[in-house]
Amino acid sequence: MKTIPVLPCLVTGWMILTSAATAALNQPPSGFTALFNGKDLAGWWGASTEDPRQWMALPTEEFQKKRAASIEDIKQHWRVENGELVNDGKGLYATTDKNFRDYELLIDYKTVPKADSGIYLKGCPQVQIWDYTEAGGKWKIGADKGSGGLWNNSPGAPGKDPLVLADKPFGEWNHVRVIQCGARTWVWWNNKLVVDGALMENYFARRKAKTPPPTATDPIAPIPPEGPIQLQTHGGEIRWRNIFIREIPGTEANRRLRDRDPNGFKPIFNGKNLDGWTGAVDACEVKDGVLAWLAKKGGTLYTNEEFSDFIVRMEFKLPPGANNGLAIRYSGKGGAAYDAMCECQVLDDNYEVNKSKLTGKPVKLDPRQAHGSAYGMVPAARGYQRPIGEWNYQEVTVVGPTIKVELNGTVILDADLSKVTEFMGNKPHPGKDRLSGHFGFAGHNDVVEFRNLSIKPLK
């Protein structure tokens, strides 16, 4: 988790004491931390609907100037009253100093008729809050379905509209619970599930992608791997209280992602031996439910069974500078990178730095070699791996000529290989148009570990 440096002097004098009657408010349940202390806006600054990657990239001094200017706006439109954080419907959005990756968020809010607000996750819009009545005037854009949806998702996309209308009448407090692992998002509104593990789209990338239009080999731009919580202000008074967060460890996030939709999946590794596999069986060992590649061993290990369209799920763990790959629709002959549909890279996200330390020589990586890439053809988005030594969850979906890679809850590759005409090093990939083949691993002499392997044939 990244913490933005804060100048303490910026909040001096910006404190409003609450009465003793509100002391029970804003006390976090076990395992949670209070983001709002019920007294002042310590730990918050102001931002608008703006790509968080841009201000995250600012030098520290420039960011502090931006933050300081935002505080002046915040003081004009936000106040603390009886242990409640109150906004007048105008101004910048209250934004946490801390950035979060995987987390569970609890918030209570109360608003007024015709107001429109929301909760930004990782700095991206938004879990929608609005007037769900016909008098609110926004039924044409979905307000009749209620609050809680990921309103900035594409029309028809999962999560765009809430599963049920769960808003309470105006004047009552609503309770919101959000769990986000990567871009996978679950939302409960007054204890009713309204978003069930949908992928949150990156609103900022979608707008930019229109001009010029993306090409077949452009990397996608998911929401950032981490970012702040923002409370949007828009059109009417809104009150917030009991704002709590719990950071979710990788093991818990992996379990939630793995168990999200288990129907149709079957194990392809029994955790005891390599029954059902062939190829480079001497390059691997099995211990305690883990398939581990041996150091200084290469080759391709692949299933006896062949698959056409499928979803494969797994967990993997890497040492620094490690390299492996997933053989997708492998023919059983040649190298997976060129003779299979593709080799889907399994690589340390900090490969250049860590490999350089190991070898003592500078290392340069083509974007089409990064983790999750269709090797040599289409680059994946980077920065979504867990720290070295932790288990990562990955899901790969292969349908016809397309391949989609979801890493730790975020889609980092979504490509149609039939449209690829330019290759790394101008070296052709004769297997890229294969429509069936074996699934496997392409070893490159590093100790990479895999577990919880399952596959769901789609046809």
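The values are calculated or read from the model by the stated rules, or taken from the named source; none is laboratory data. Because the structure is predicted, anything quoted here is derived from the model rather than measured. Backbone-built Cβ (ideal geometry, glycine too); neighbour counts: all protein chains shown.
Give the residues of segment 101-119 that are modelled with pLDDT of 95 or more, more than 28 Å from Cys181 (Cβ to Cβ) and assigned to a loop (DSSP other than H, G, I, E, B), sorted by residue number. Once the filter is applied, which keeps residues that are modelled with pLDDT of 95 or more, more than 28 Å from Cys181 (Cβ to Cβ) and assigned to a loop (DSSP other than H, G, I, E, B), segment 101-119 yields nothing. Filtering Asp88, Asp40 for residues that are closer than 30 Å to Tyr132 by Cα and touching a residue at least 24 places away in the same chain (Cβ under 8 Å) leaves a single hit, Asp88. Of all the listed residues (Lys122, Lys98), the sole one being among the charged types (D, E, K, R), at pLDDT 95 or above and under 19 Å from Ala205 (Cα atoms) is Lys122. Residues of segment 134-166 that are surrounded by 22 or more Cβ atoms within 10 Å (Cβ to Cβ) and either in contact with a Ser or Thr (Cβ under 6 Å, 6 or more places away or on another chain) or of a type in the set (A, V, I, L, M, F, W, C) (or both): Leu150, Trp151. Which of the residues that make up segment 193-222 are out of contact with any helix residue (DSSP H, G or I) (no Cβ under 9 Å at 6 or more places or on another chain), part of a loop (DSSP other than H, G, I, E, B) and modelled with pLDDT under 95? Ala209, Lys210, Thr211, Pro212, Pro213, Pro214, Asp218 - these are the residues of segment 193-222 that are out of contact with any helix residue (DSSP H, G or I) (no Cβ under 9 Å at 6 or more places or on another chain), part of a loop (DSSP other than H, G, I, E, B) and modelled with pLDDT under 95.
Against the criterion of being among the hydroxyl-bearing types (Ser, Thr, Tyr) and modelled with pLDDT under 95, Thr421 qualifies. Any residue at all in segment 72-95 that is at pLDDT below 95, under 25 Å from the mean Cα position of the chain (by Cα) and within 18 Å of Ile243 (Cβ to Cβ)? Within segment 72-95, not a single residue is at pLDDT below 95, under 25 Å from the mean Cα position of the chain (by Cα) and within 18 Å of Ile243 (Cβ to Cβ). Screening Val363 with (1) in contact with a helix residue (DSSP H, G or I) (Cβ under 6 Å, 6 or more places away or on another chain); (2) modelled with pLDDT of 95 or more gives one miss only, at (2). Residues that are in contact with a His (Cβ under 6 Å, 6 or more places away or on another chain) and more than 18 Å from Phe307 (Cα to Cα) do not occur anywhere in segment 392-410. Taking the listed residues Tyr109, Tyr120, Tyr132, the one that is in contact with a helix residue (DSSP H, G or I) (Cβ under 7 Å, 6 or more places away or on another chain) and of a type in the set (Ser, Thr, Tyr) is Tyr132, with no other qualifying. Contact annotation: residue pairs with Cβ atoms under 6 Å, 6 or more positions apart or on different chains, pairing a residue in segment 99-110 that is more than 17 Å from Cys124 (Cα to Cα) with a partner that is polar (S, T, N, Q) and part of a strand (DSSP E or B), are Asp108/Asn242; Tyr109/Asn174. Among the residues of segment 158-175, those identified as in contact (Cβ under 8 Å) with a residue 40 or more places away in the chain and farther than 11 Å from Val195 by Cβ are Phe170, Gly171, Glu172, Trp173, Asn174, His175.
What do you reckon, is Asp131 in the same structural domain as Ala47 (by TED's automatic domain parsing), among the charged types (D, E, K, R) and buried (at least 19 other Cβ atoms within 10 Å of the Cβ)? Against the criterion (in the same structural domain as Ala47 (by TED's automatic domain parsing), among the charged types (D, E, K, R) and buried (at least 19 other Cβ atoms within 10 Å of the Cβ)), Asp131 qualifies. Applying the criterion of being assigned to a loop (DSSP other than H, G, I, E, B) and among the aromatic types (Phe, Trp, Tyr) to the residues of segment 142-192, the residue that is farthest from Asn392 (Cα to Cα) is Phe170. Checking each residue of segment 34-53 against the condition of being of a type in the set (A, V, I, L, M), touching a strand residue (DSSP E or B) at 6+ places or on another chain (Cβ under 6 Å) and either more than 15 Å from Val80 (Cβ to Cβ) or at pLDDT below 95 (or both) gives at least one match. For segment 274-318, the tally of residues that are part of a strand (DSSP E or B) and touching a residue at least 12 places away in the same chain (Cβ under 8 Å) stands at 27. Looking across Lys145, Lys75, Lys110, one residue alone is among the charged types (D, E, K, R) and either farther than 22 Å from Trp173 by Cβ or outside the structural domain of Phe32 (by TED's automatic domain parsing) (or both). It is Lys75.
To keep it simple, each residue is scored yes or no on (1) in contact with a strand residue (DSSP E or B) (Cβ under 9 Å, 6 or more places away or on another chain); (2) part of a strand (DSSP E or B).
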| position | (1), (2) |
| --- | --- |
| Lys357 | no, no |
| Val363 | no, no |
| Arg368 | yes, no |
| His371 | yes, no |
| Gly376 | yes, no |
| Gln394 | yes, yes |
| Asp414 | yes, yes |
| Leu435 | yes, no |
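For Ala21, the stated conditions do not hold, so it cannot be described as of a type in the set (Gly, Ala, Ser), assigned by TED's automatic domain parsing to the domain that holds Glu104, in a helix (DSSP H, G or I) and at pLDDT 95 or above. With the requirement that a residue be of a type in the set (A, V, I, L, M, F, W, C) and within 29 Å of the chain's Cα centre (by Cα), what does segment 262-302 give you? Phe265, Ile268, Phe269, Val290, Leu291, Ala292, Trp293 - these are the residues of segment 262-302 that are of a type in the set (A, V, I, L, M, F, W, C) and within 29 Å of the chain's Cα centre (by Cα).
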